[in-house]
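**Student:** Got a structure for you, questions after.
Values in this text are rule-based calculations from the coordinates and carry no lab data. None of the values given here were measured: they were computed from a predicted structure. Every residue, glycine among them, receives a Cβ derived from its backbone with ideal geometry; neighbour counts consider all protein chains shown.
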Amino acid sequence: MLKIDDLHVAVGGNEILKGLSLEVPAGEVHAIMGPNGSGKSTLSYTVAGRDGYAATTGAVTLEGEDILGLGPDERAAKGLFLSFQHPMEIPGVQTMNFIRTAMNAQRKAREQEEISAADFIRLVREKAKLVGLDDAKLKRPFNVGFSGGEKKRMEMLQLAMFEPRFAIMDETDSGLDIDALKMVGEVVNALRGPARGFLVITHYQRLLEYIKPDRVHVLAGGRIVKSGGPNLAADLEKSGYEQFIEAA
């Protein structure tokens with residue numbers, strides 16, 4: 001579903017990704033773990049199309065289509081979703097208006113009908129209960145005054161609302177308590193299916209106790225240096241990353 005082939009990415013003149021290759025089939029959840037500075041966020045930003053994170057060589061395809069030449073909005077319309085490590089605030093823009101506008105922009109790009117106001121309100125309230133957000137939060141400016149955990153809940157609300165074909169979760173577990181971690185796992189597990197893929201980027205095993213990955217990859221020195229089953233995450237928790245840093 002998502003295929004990355006020999007990807008090289010330089011940021012600020014420094015090469016961060018150095019020939020990274022990875023394939024996540026439809027229906028699977030893959031986890032990427034690695035030390036600070038290994039290139040995890042660079043990978044997520046490059047795939048999502050963030051400015052300043054352009055590939056120098058290599059290819060990234062989503063369901064067989066090259067996406068490196070597309071803008072971030074076009075990639076989102078193709079069904080790509082990125083959950084940020086540090087979600088942004090948008091003062092003056094009501095949360096429900098923001099989410100509905102984003103949904104309808106994607107629908108328009110896919111030549112689908114816009115979601116009606118009534119259907120949207122019903123759906124957003126249903127999904128808000130799933131992630132633990134009340135109506136008052138939905139009426140506030142987007143993420144303004146929210147705690148770190150509330151911002152992550154808002155990200156999971158967007159994930160549940162947009163139902164993307166492929167979701168990248170960039171250290172979504174950062175700063176979350178046990179209840180919030182469980183909520184993230186519930187949302188992801190509810191969306192798992194044969195036509196959807198996930199790439200979960202994390203430092204620690206704790207999120208993977210709620211989201212059971214099909215494969216775990218170790219990213220160090222800008223490339224994937226080891227891949228294995230779910231037990232690899234537990235092994236990393238015990239042994240650390242030092243051996244892989246040396247190997248990279």
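**Student:** What's the extension gain from residue 51 to residue 130 if we count 0.36 nm per residue and subtract their Cα-Cα distance?
**Tutor:** Difference between extended and current length: 25.2 nm.
**Student:** Pick from 115, 211, 67: which residue has the top mean-square fluctuation in a GNM of the chain where Cα pairs under 10 Å get a spring?
**Tutor:** Top of the fluctuation ranking is 115.
**Student:** Quick one: length gained pulling residue 98 to residue 243 fully straight, 0.36 nm per residue minus the C-alpha distance?
**Tutor:** 47.7 nm
**Student:** For the chain, what are the DSSP H helices with axial Cα length of 15 Å or more and mean Kyte-Doolittle hydropathy of at least 0.0?
**Tutor:** Span-like helices in the chain: 117-131, 178-191.
**Student:** Using a 7 Å offset from the Cα along the Cα-to-Cβ direction at both residue 118 and residue 90, what is the distance between the two label points in nm, to one decimal?
**Tutor:** Result for the modelled spin labels: 2.6 nm.
**Student:** Now for a separate question. Please list, ordered by chain and number, the residues whose modelled amide H lies under 5 Å from the amide H of residue 32; skip anything fewer than 5 residues away on the same chain.
**Tutor:** Amide H neighbours of residue 32: 200, 201, 202, 217.
**Student:** So how far, in whole Å, is the C-alpha centre of the stretch 174-194 from the one of the stretch 1-37?
**Tutor:** The stretch 174-194 and the stretch 1-37 have Cα centres separated by 23 Å.
**Student:** Which residue fluctuates most in the GNM of the chain (Cα springs below 10 Å): 87, 213, 72?
**Tutor:** Top of the fluctuation ranking is 87.
**Student:** Report, please, the projected area of the stretch 164-211 averaged over directions, based on the convex hull of its C-alpha atoms, in nm².
**Tutor:** 3.1 nm²
**Student:** Hey, what's the Kirkwood Rh for the stretch 2-247 if you take every pair of different alpha carbons, in angstrom?
**Tutor:** 18.6 Å
**Student:** I've got another one for you. For the residues 108, 18, what sequence is obtained by ranking on other C-beta atoms within 10 Å, fewest first?
**Tutor:** 108, 18
**Student:** Given the pairs 212/238; 108/212; 18/182; 151/182; 151/238; 40/129, which span a C-alpha to C-alpha distance of over 27 angstrom in this model?
**Tutor:** Result: 108/212; 18/182; 151/238; 40/129 exceed 27 Å.
**Student:** Given the options 137, 129, 78, state which has the largest fluctuation in a GNM of the chain using a 10 Å cut-off (strictly under) for Cα springs.
**Tutor:** Evaluated over the chain, the most mobile residue of the options is 129.
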